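Some notes on the structure that comes next.
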Amino acid sequence: MDTPPLAPGLYIVATPIGNLGDVTRRALETLERCSVIACEDTRVTGKLLNLLGLHKVMRRYDDHASDAAREALLSEMAQNSVALVSDAGTPLISDPGYKLVREARARGIAVTSVPGPSALVVALSMAGLPTDRFMFAGFLPSKDKARRDVLTELAAVPATLVFYETGPRLVASLEALAECLPGREVAVARELTKLHEECRSGSAQELLAHYSEHPPKGEIVLLVGPPLAQEAPDDDVIEAELRNALAEMSTSQAAGKVAKAHGLDRKTLYALAMTLKS
């Protein structure tokens, strides 16, 4: 007996990142009952649908989709159910869909998320790095200077950093990590949920040596541990640094410089600087 169609709207459906066994019953039911499936690549999604025994109308929707293509989907979901999938994992997480979801919500179209696999969460759960606080930063830039600028910008974030990466660019990213974030624990998770799944951890230098000799393949999640805890400097050291700074700049600037260098309270150092100055 045919299942009834879903109510009109947009359905964000997570699909397996490798192992087909990870497809949820709800995801399967949603794909079966939706009117149209919007996908990054009809060939990739077509293979998944064939494996699931489904035959559905598909429309391509990726980062290069035109405004007209997005408008056509919005018009469709006002009357019928449209499922949005990416090639693998959860849509919108470094995958297309942001503009479509935002515009659907702006027009009062119902948006429903059907949760499931995400390489980001899988990697965090198995890497052995702190998970109480993490920051997902998508893909690192492909150009060397831009890559290093991003890592320098994120260096002080008190959380595990998570990036998506590709095999051909991994070595360059590890080189940048070794230079910009020395001493941090790093993990490389690749081919997650697949036959050759791997999660290797160590310093950036250690991983760089390994992957220089064994060029990686497949989708990669690159994780970097939070900043290392630093011992508070002695009062004499702080006072000496403040005196040196006061010789070159204002009281406020000197306090700010030393506070930033050691992660200390600026107001406390300003009061100390005023005492030293007087």
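The values are calculated or read from the model by the stated rules, or taken from the named source; none is laboratory data. Note that the structure is predicted; figures quoted are calculated from it, not measured. Here the Cβ is made from the backbone with ideal geometry for all residues, glycine too, and neighbour counts use every protein chain on show.
The table for this structure:
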| quantity | calculated |
| --- | --- |
| Spans of strands (runs of 3 or more DSSP E) in segment 55-143 with at least 3 residues more than 17 Å from the chain's Cα centre (by Cα) and surrounded by 16 or more Cβ atoms within 10 Å (Cβ to Cβ) | 81-85 |
| Residue check, A172 free of Cβ contacts under 8 Å to residues at least 40 places away in the same chain and within 21 Å of A146 (Cβ to Cβ) | yes |
| Condition check for E175: in a strand (DSSP E or B), in the same structural domain as P215 (by TED's automatic domain parsing), at pLDDT 95 or above and not β-branched (V, I, T) | no |
| L49 vs. criteria touching a Cys at 6+ places or on another chain (Cβ under 9 Å) and of a type in the set (A, V, I, L, M, F, W, C) | no |
| Which listed residue is within 23 Å of V171 (Cβ to Cβ), of a type outside the set (F, W, Y) and free of Cβ contacts under 8 Å to residues at least 24 places away in the same chain, from G225, G202, G183, G218 | G202 |
| Any chance T30 is touching a Phe, Trp or Tyr at 6+ places or on another chain (Cβ under 8 Å), surrounded by 13 or more Cβ atoms within 10 Å (Cβ to Cβ) and β-branched (V, I, T) | yes |
| Segment 254-278, residues that are more than 21 Å from A229 (Cα to Cα), surrounded by 13 or more Cβ atoms within 10 Å (Cβ to Cβ) and under 37 Å from the mean Cα position of the chain (by Cα) | A254, A255 |
| Enumeration of residues in segment 248-267 that are outside any helix (DSSP H, G or I) and closer than 25 Å to P182 by Cβ | G263, L264 |
| Per-region count, segment 144-172, residues part of a loop (DSSP other than H, G, I, E, B) and either small (G, A, S) or closer than 19 Å to A119 by Cβ (or both) | 3 |
| Search result, residues across segment 17-54 that are outside any helix (DSSP H, G or I) and touching a strand residue (DSSP E or B) at 6+ places or on another chain (Cβ under 8 Å) | I17, V23, T24, C34, S35, V36, I37, A38, C39, E40, D41 |
